[in-house]
Amino acid sequence: MPAASRLIVVSNRAPVEMVRGPEGLRAVRTVGGLAGALDDALRAHGGLWIAWVGVEAGDELPAGTAGLPYPIRPVRLKEREVNNYYAGFANQGLWPLCHAFPSRCRFQANYWAAYRHANERFAAAVQAVVRPRDLVWLHDFHLCLVPGLLRAAGVPASVGVFWHIPFPPPTVFGICRWRAELLSGLLGADLIAFQTEPDVRNFLESVRQFLGVPVSDAPARVRLPEREVGVFAHPIGIDYETFRAHGSDATVQTKAARLRTTLGAEVVMLGVDRLDYTKGILERLRGYERFLERRPEWRRRVCLVQVAVPSRDRLPDYRDMKRSIDEAVGRIVGRFTSEGHPPLQYVYTALAREQLAAYYAAADIALVTPLRDGMNLVAKEYVASRAAREDGVLVLSEFAGAARELREAVIVNPYDVEAICRGLDIAVDMPPDERRRRMRALDRRVATRDLAWWTRIFLARLAAAGPPAASAA
Ligand code: ADQ
């Protein structure tokens, strides 16, 4: 990798949040995930992160802010712009579209105008700092138009996109009346990566149908008249070592043991999600309810802990869903609590890393049953946390990107209450030997394809895909 190629990461949200305290506005690091993975890459290449950091953002946050080894350049957006671009076009348009919930899509002209404007602001922020040979790495569906804007401006860098969520088939994507603009925008990039092969195929097919541009499958690419855009499936990994270490940490184990005592159950099941309709929490609760109906002998012996992080709670769809989940929780607890033992505990909060690790360590069975998910990191985090003891059962939705890699999980159709119930039957009845065999196989895969692997491969391909000036040296 040429030392001269800096890395410019661009994403909607920054790896810090601005928090107002007695001493004024302060940047606080957000935990885990992508931010941690890109730390090492940004340290190695040098570079910066461009993102929206909240409506109160000031000027550049210099390296050292909140312990980050690189500066953050905020993109400033007014509150109304954020409402229309982020809460509007991104969260109420593209998010349901890409997760195949067309009836939830709200595509409004004012949302689209704000989306375009916000993308122009992001592109301008890149243009203000970019140098020849830089690697520009854009993240996700908030920034579809940025690659096209950078290309039109003749930016002499390699531009890559990672699409974190699913890419839907053309029959669904085509519902958006700005489909051609979105696809053309993305094709400004040199390289576009998706989580899975079906996402790649759906994208190529949409390009072929809606832009009339030829595409090829092997290797996957879009053949524009003047150049080619590389496309590939690149499943995101997790910071494996950290989750594995947490799983065997003595403090975490003590917390997990305390948790189990409090729950008073022989078998602990766990769901951990952002509170989003795509995560299938309501359907999961119904599947669990059916399990308790069918297997009365388990009612006093099992407890499902559902941890949900509050998310997008100003949007009506999310508020309605929260109400339905609250009702389902009340109903299940009311129906099946016996002798003071509730078979369900609902925790509505964001957990600190160590607390989350304690929940993973305490859980005999993890239920990861999204209706549709780009990847789903919880599935991989659970596996890594259980690696040292080689025990635990993962019940996984066939519609999570992770199901393509984690084939030894108990795979279920999350829309089918009976299938979830059967999955729970298999999980509680699984003999220890089989649990060990499956968990070992899952662990090997999660360990090899971790976050460092994912970052390294993406950046190597991006450096090779760009204009000659970027890939030279
Ligand atoms: P998300 O939809 O946010 O991400 P996911 O992959 O499930 O989904 O990651 C959620 C993260 O939040 C996990 O790291 C998990 O540990 C954490 N988390 C969940 N509940 C929590 C809680 N209560 N407290 C604290 N932390 C919690 C998008 C796509 C996914 C894709 C990722 C990464 O929608 O499909 O896997 O990006 O590409």
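The values are calculated or read from the model by the stated rules, or taken from the named source; none is laboratory data. No experiment lies behind these values; they were computed from the predicted model shown. Every residue, glycine among them, receives a Cβ derived from its backbone with ideal geometry; neighbour counts consider all protein chains shown.
For (1) surrounded by fewer than 23 Cβ atoms within 10 Å (Cβ to Cβ); (2) over 26 Å from H246 (Cβ atoms); (3) aliphatic (A, V, I, L, M); (4) not assigned by TED's automatic domain parsing to the domain that holds G271, each residue gets a yes or a no:
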{"residue": "E390", "(1), (2), (3), (4)": "yes, no, no, no"}
{"residue": "A402", "(1), (2), (3), (4)": "no, no, yes, no"}
{"residue": "E405", "(1), (2), (3), (4)": "yes, no, no, no"}
{"residue": "I420", "(1), (2), (3), (4)": "no, yes, yes, no"}
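Figure legend. Inter-residue proximity from the stretch 346-370: first residues more than 21 Å from D249 (Cβ to Cβ), second residues among the charged types (D, E, K, R) and surrounded by 15 or more Cβ atoms within 10 Å (Cβ to Cβ), beta-carbon distance below 6 Å, spacing 6+ or different chains. Indicated pairs: L367/R284; T369/R284; P370/K279. Note on the stretch 309-337: among residues that are of a type in the set (A, V, I, L, M, F, W, C) and at pLDDT 95 or above, the one that is surrounded by the fewest Cβ atoms within 10 Å (Cβ to Cβ) is V333. Put simply, of A379, A387 the only residue that is of a type in the set (A, V, I, L, M) and either modelled with pLDDT under 95 or closer than 22 Å to K322 by Cα (or both) is A387. Scanning the stretch 435-452 for residues that are out of contact with any strand residue (DSSP E or B) (no Cβ under 9 Å at 6 or more places or on another chain) and not basic (K, R) returns A441, D443, V446, A447, T448, D450, L451, A452. The listed residues are L396, L451, and the only one of them that is modelled with pLDDT under 95, surrounded by 18 or more Cβ atoms within 10 Å (Cβ to Cβ) and not polar (S, T, N, Q) turns out to be L451.
Just one of the numbered conditions (1) farther than 23 Å from Y86 by Cα; (2) among the acidic types (D, E); (3) touching a residue at least 24 places away in the same chain (Cβ under 8 Å) is not true of D217: (3).
Within the stretch 325-378, if we keep just the residues that are of a type in the set (V, I, T) and touching a Ser or Thr at 6+ places or on another chain (Cβ under 7 Å), the residue that is nearest to A257 (Cα to Cα) turns out to be V368. Residue check: R295 meets all listed conditions (1) under 30 Å from P169 (Cβ atoms); (2) at pLDDT 95 or above but one, namely (1).
Of everything in the stretch 219-238 that's touching a strand residue (DSSP E or B) at 6+ places or on another chain (Cβ under 6 Å) and among the charged types (D, E, K, R), which residue is surrounded by the most Cβ atoms within 10 Å (Cβ to Cβ)? This residue is R221.
Counting only residues that are more than 14 Å from the ligand (Cβ to nearest atom) and assigned to a strand (DSSP E or B), the stretch 304-327 holds 1 of them. Just to verify a result, which residue in the stretch 273-303, among those that are of a type in the set (V, I, T) and out of contact with any Lys or Arg (no Cβ under 7 Å at 6 or more places or on another chain), is farthest from the ligand (Cβ to nearest atom)? Among those residues, the one meeting the criterion is V302.
Every condition in (1) more than 15 Å from the ligand (Cβ to nearest atom); (2) assigned to a strand (DSSP E or B) is met by A193 except one, and the failing one is (1).
Restricting attention to the stretch 406-427, does a residue exist that is among the basic types (K, R), more than 16 Å from the ligand (Cβ to nearest atom) and either assigned to a loop (DSSP other than H, G, I, E, B) or touching a Ser or Thr at 6+ places or on another chain (Cβ under 7 Å) (or both)? Scanning the stretch 406-427 turns up at least one residue that is among the basic types (K, R), more than 16 Å from the ligand (Cβ to nearest atom) and either assigned to a loop (DSSP other than H, G, I, E, B) or touching a Ser or Thr at 6+ places or on another chain (Cβ under 7 Å) (or both).
Residue under question is A441, and the condition is that it be touching a helix residue (DSSP H, G or I) at 6+ places or on another chain (Cβ under 9 Å), of a type in the set (A, V, I, L, M, F, W, C) and away from the ligand (no atom under 11 Å from the Cβ); does it hold? Against the criterion (touching a helix residue (DSSP H, G or I) at 6+ places or on another chain (Cβ under 9 Å), of a type in the set (A, V, I, L, M, F, W, C) and away from the ligand (no atom under 11 Å from the Cβ)), A441 does not qualify. Only a single item in (1) within 30 Å of C105 (Cβ to Cβ); (2) part of a helix (DSSP H, G or I) is not met by F291, and it is number (1).
Residues in the stretch 338-350 that are at pLDDT 90 or above, surrounded by fewer than 19 Cβ atoms within 10 Å (Cβ to Cβ) and within 16 Å of the ligand (Cβ to nearest atom): Q345, V347, Y348, T349. No other residue among R151, R133 is basic (K, R), at pLDDT 95 or above and in the same structural domain as A44 (by TED's automatic domain parsing) apart from R151.
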